[in-house]
Amino acid sequence: MKRPRISNFKHQVFRSTAMQLAKEFLVDDPKALSEKGIDAERIRYEPITQEALDQCNLWGSEAQLYPWEEIPVWKNRDGKAFDLSLWYDQELCGLCFSTPKSSTLSIKVVLLEGKPDATHPLKGEVAGLVLIAISRYARMLKLREIEIFEPDPGAVQWYQYLGFDFDDQRRLVIAVNEA
């Protein structure tokens, strides 16, 4: 007999811990961000809540309009999924949904979107900041890779700048210990 409640609780603890570890990582070494005018103390990692969904709906026509409203349903179906909203003070700057699904090798970044406003405080940093948390979560699950699932062709160069590369199977991946 399956014990989904215990498993779901374990993964919820992993998700919360990954967000906490990502925040601690930023606060322990704030120099790289402070050089860009970003105060690491003001960055928040949280699950995608209704407040985050309401905020992303205000992003307007420039947003990619990914199906963020489906995240609560997806989370209920996939106990290992990792959803993340990235905030700077009270401003939502990015959203991400990733999942290992049945994989014992990789966690797939299914959706990742930064606020399209060119003036938001974490512009150009959202993907890197999100990857810090995803890599912590992947380590807890003993996964080896982070994969960008069906990457937007316009974003491939940016992911490669962050260290991702195409493997032999044409998957855009990075080793967890390099993220």
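The values are calculated or read from the model by the stated rules, or taken from the named source; none is laboratory data. In this text, all values refer to a predicted model and were calculated from it rather than measured experimentally. Positions of Cβ are generated from backbone atoms using ideal geometry, with glycine treated the same way; all protein chains shown enter the neighbour counts.
Structural remarks
- Of the numbered criteria (1) crowded, with 19+ Cβ neighbours inside 10 Å; (2) in contact with a Leu (Cβ under 6 Å, 6 or more places away or on another chain), the one LEU92 fails is (2).
- Search result, residues across the range 106-131 that are closer than 14 Å to GLU91 by Cβ and of a type outside the set (Val, Ile, Thr): GLY114, LYS115, PRO116, ASP117, ALA118, HIS120, PRO121, LEU122, LYS123, GLU125, LEU129
- Residues that are surrounded by 12 or more Cβ atoms within 10 Å (Cβ to Cβ), modelled with pLDDT under 95 and not in a helix (DSSP H, G or I) within the range 41-60 comprise just one, TRP59.
- Condition met for ILE38 (part of a loop (DSSP other than H, G, I, E, B) and either among the acidic types (Asp, Glu) or closer than 16 Å to VAL130 by Cβ (or both)): yes
- Against the numbered list (1) in contact with a helix residue (DSSP H, G or I) (Cβ under 9 Å, 6 or more places away or on another chain); (2) part of a helix (DSSP H, G or I); (3) farther than 14 Å from TYR88 by Cα, LEU33 comes up short only at (3).
- Screening the range 4-36 for residues that are touching a residue at least 40 places away in the same chain (Cβ under 8 Å) and more than 27 Å from ALA81 (Cβ to Cβ) and picking the one that is surrounded by the most Cβ atoms within 10 Å (Cβ to Cβ) gives LEU33.
- Test: residue in the range 84-95 that is assigned to a loop (DSSP other than H, G, I, E, B) and either over 10 Å from the mean Cα position of the chain (by Cα) or among the β-branched types (Val, Ile, Thr) (or both): yes
- Single residue of the range 159-172 satisfying the filter (assigned to a loop (DSSP other than H, G, I, E, B) and in contact (Cβ under 8 Å) with a residue 24 or more places away in the chain) that is farthest from LEU21 (Cα to Cα): ARG171
Rundown of residues vs (1) within 15 Å of the chain's Cα centre (by Cα); (2) of a type in the set (D, E, K, R); (3) assigned to a loop (DSSP other than H, G, I, E, B), yes/no style:
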site	(1), (2), (3)
LEU111	yes, no, no
ALA118	no, no, yes
GLY128	yes, no, no
ARG136	yes, yes, no
ILE146	yes, no, no
GLY154	no, no, no
GLN157	no, no, no
ILE174	yes, no, no
ASN177	no, no, no
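- Look at the range 94-106: where a residue is closer than 27 Å to LYS123 by Cα and a partner is buried (at least 20 other Cβ atoms within 10 Å of the Cβ) and among the hydroxyl-bearing types (Ser, Thr, Tyr), sitting 6+ places away or on another chain with Cβ atoms under 6 Å, you get LEU95/SER85.
- Every residue from the range 159-172 that is under 16 Å from the mean Cα position of the chain (by Cα) and over 18 Å from VAL110 (Cβ atoms): GLY163
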